[in-house]
1. Hey, what D do you get for the chain in µm²/s if you plug the Kirkwood alpha-carbon radius into Stokes-Einstein at 4 °C and 1.567 mPa s?
2. Please give the FRET efficiency for ARG112 paired with ARG139, using the beta carbon to beta carbon distance and R0 = 22 Å, rounded to the nearest 0.05.
3. Taking only Cα atoms and a 10 Å spring cutoff, compute GNM fluctuations for the chain and point out the largest among GLY130, GLY59, GLY45.
4. Using Cα pairs under 8 angstrom and six or more residues apart, how large is the relative contact order of the range 105-158, in percent?
5. When only C-alpha pairs under 8 Å and at least 6 residues apart count, what is the relative contact order of the range 55-211, in percent?
6. What's the center-to-center distance, using Cα atoms, between the range 21-91 and the range 119-160 in Å?
7. Roll a 1.4 Å probe over the protein heavy atoms and report the accessible area of GLU127 in Å², nearest 10.
8. Determine the calculated [θ] at 222 nm for the chain from helices alone, applying -39500 (n - 2.57) to every DSSP H run no shorter than 4 residues and normalising by the residue count; nearest 500 deg cm²/dmol.
Amino acid sequence: SVRRSATVLDERGYAYNFCERPDGGQLFLTVPLCSADRPEDCRDGYVAEYDARTLSRRGEHRFFDDTFYGALRELVCLGDVVQVTMNHVRLGGRTYTANVMDFDADDPSQFRRTIFPEPALGSQGVELPGHRAAYDRTRNAVFYVSEWTNTVYRLDRATGAFDFDVGAAFPYKRRKRSGTYGLFTGPESVDEATGSLYLTEWGDGSRVWEL
């Protein structure tokens, strides 16, 4: 069925993205309440929750404080866990280009500020992928792409292991803010029949990659 977008917009601000929990009747929406040029306003952003059947509002979930905040972007509902992609992130005393946090769908007060292990946070400087994500249901794996480079991470959800070198399949691109752009992907970018992930260049390219 098709839902009118106006029926799921949160009353306190526009919803950037949403995902529906397959088995729980829950609909989650990101409400950034900030713009890219004012990341300090992102502290007020939250995730709204709706009943997926009636579209009645259940509440809002807040995760940010003065030491952790960012622009909420896309959601990936993974059973009992919801992942949230982010831009312009303040985390652990550092500012990163992106990040991915997650929370328990049944109890959103249980959340992780980042899904990435410490080696990844330290080795990439301020550059982290995570502004967009794609879920491969067949292999239970999630791909995360960078907004500014061709960096791609893959998470094997069965083992919890990351592959940090997926982006090596693409031409090397040094990060240059507003001079280079990375990759776009999304929830519908995985062809389960062929086992392919599709990614597009944006801003400084027009190619579509099949991985």
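The values are calculated or read from the model by the stated rules, or taken from the named source; none is laboratory data. Values in this document were obtained by computation on a predicted structure and should not be read as measured data. Please note: Cβ atoms are built from the backbone with ideal geometry, for glycine as well, and neighbour counts cover all protein chains shown. Quick note on the areas: whole protein, heavy atoms, side chains included, nothing else; ligands and nucleic acids left out. Shrake-Rupley method; radii C 1.70, N 1.55, O 1.52, S 1.80 Å.
1. Stokes-Einstein gives a translational diffusion coefficient of 74 µm²/s.
2. 0.50
3. Greatest mean-square fluctuation among the candidates belongs to GLY59.
4. Contact order relative to length: 24 percent.
5. Values: 329 pairs, mean separation 21.5, N = 157.
RCO, the range 55-211: 14 percent.
6. Each part reduced to its Cα centre gives a spacing of 18 Å.
7. 10
8. So the helix-based figure for the chain works out to -500 deg cm²/dmol.
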